[in-house]
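Asker: Shown below is the structure under consideration.
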Amino acid sequence: MTKIFRFGVIGCGLMGREFASAAARWLHLADVKARPEIVAVCDANATLLDWFRDHVPTVRQFTADYKELLANPEVDAVYCAVPHVLHQQFYIDILKAGKHLLGEKPFGMDAAQNREIMAVLAEHPELLVRCSSEMPFFPGAQKVIALAKSGEMGDVLEVEAGFLHSSDIDRQKPINWKRMAEINGDYGCMGDLGMHVLHVPLRLGWRPTTLHAQLVKKVTERPDGKGGMLPCTTWDNATISSRVRTGDQDFPMVLKTWRIAPGESNTWYIRVLGMKKSAFFSTKSPRQWQWMDYNGGAQAWSTEDLGYGSLFPAITGKIFEFGFADAIQQMWAAFVDELAGGDANGFGCATPAEAQEHHAVLTAALKSGREDVVVPVAYDGASV
């Protein structure tokens, strides 16, 4: 019999509804050990609660007070998708309530807040805690990861990873909390996108040792939606040039988190160039990945159409395409599989340790960008 894990959702915005959609079509997945059932939701916006009331019949608790949800004994686990400034208090309260947690990036507004979360997490080893990062669950990304793990690429020449948006190029786009440092945090675009970009490199053991960051702030104010203007206090774009040194490798790695990337809608990519093999995947061409072998002859990229070769098998035929909603569901399948005692089919969600490491990188990048200097990355969670 399939085990059921009962979930509460704190923060019923876009990603909360994406989870609800993934859970509603769980039958899309084949041969899973367990499934999620959303039984409680929390948001200060009554309209969002109404959406769940209308679309998710399993929900039995609707509240504007997250502590009421945490007191609900029917809730086994929580998905928490709230603004960054709330991460520390909400995540700590979730852990103290004894609930498993899938949190959102950056998992604490800054390194200091992340340390506080990690300290409480250390007191609750019985809880499964992970951080949201869905893009590596695309089949093409998994192909790049597998090739990098194989050791067949030889000496790595360079790695580049990025997440590019273009919506903020519109100066008339009304301001939201992600443009306010007091709510989003000083990382700016790096806090929003950094975990996505660093998930795969950190999983492969590619931790930057030193870095230099160029931080860009092009739009300094935006409409407030009431006829006035408000200052934008976060970074628009970040380009981080780093050095990675492992036991047998030494190579540059470039990380891009851009909210103003002309022509890009929602592009995640990773490129790994090696002396023997190279690989590339971008969500701009979601059903393809590219690789190149070098054996002393001609150098030519090969392209393969992948179809629906997901990490967790699904009812979709192999010839069909994989998309963002599928990546969300695959990420959730990995989390629920771990809840049920599985190994996430070999690739789990981002771990708290990886979230802490990404804070170390972003903290160094913030210092580097402000001071225009090369900065060593201290993996002790130190904050600026």
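Asker: For 318, 105, write out the residues from largest to smallest accessible area, computed with a 1.4 angstrom probe and no ligands counted.
Answerer: My answer, sorted largest first, is 318, 105.
Asker: Hey, any idea what % of the stretch 282-369's accessible area is carbon plus sulfur with a 1.4 Å probe?
Answerer: Using a 1.4 Å probe with all protein chains present, the stretch 282-369 comes out at 50 percent carbon and sulfur.
Asker: A follow-up question, please. What number comes out for accessible area per residue over the chain if the probe is 1.4 Å? Units Å², please.
Answerer: Normalised by residue count, the accessible surface of the chain is 42 Å².
Asker: I'd like the antiparallel share, as a percent to the nearest 5, of DSSP beta bridges with both residues in the chain.
Answerer: Antiparallel: roughly 60 percent of the beta bridges in the chain.
Asker: Going from most exposed to least, what order do 1, 292, 331, 229 have by accessible area with a 1.4 Å probe?
Answerer: Ranked list, largest accessible area first: 1, 229, 292, 331.
Asker: Less than 27 Å apart at the alpha-carbon level, and either on another chain or at least 8 residues along: which lysines does that give for residue 105?
Answerer: Leaving aside lysines fewer than 8 places away in the same chain, those within reach of residue 105 are 33, 67, 96, 143, 149, 173, 178, 217, 218, 256, 284, 367.
Asker: Among 236, 248, 93, determine the one that fluctuates most according to a GNM of the chain built with springs between C-alpha atoms less than 10 Å apart.
Answerer: Its mean-square fluctuation being the largest, the pick is 248.
The values are calculated or read from the model by the stated rules, or taken from the named source; none is laboratory data. Remember, predicted model here, so these are calculated numbers, not experimental data. For accessibility, only protein heavy atoms count, side chains too; no ligands or nucleic acids. Shrake-Rupley method; radii C 1.70, N 1.55, O 1.52, S 1.80 Å.
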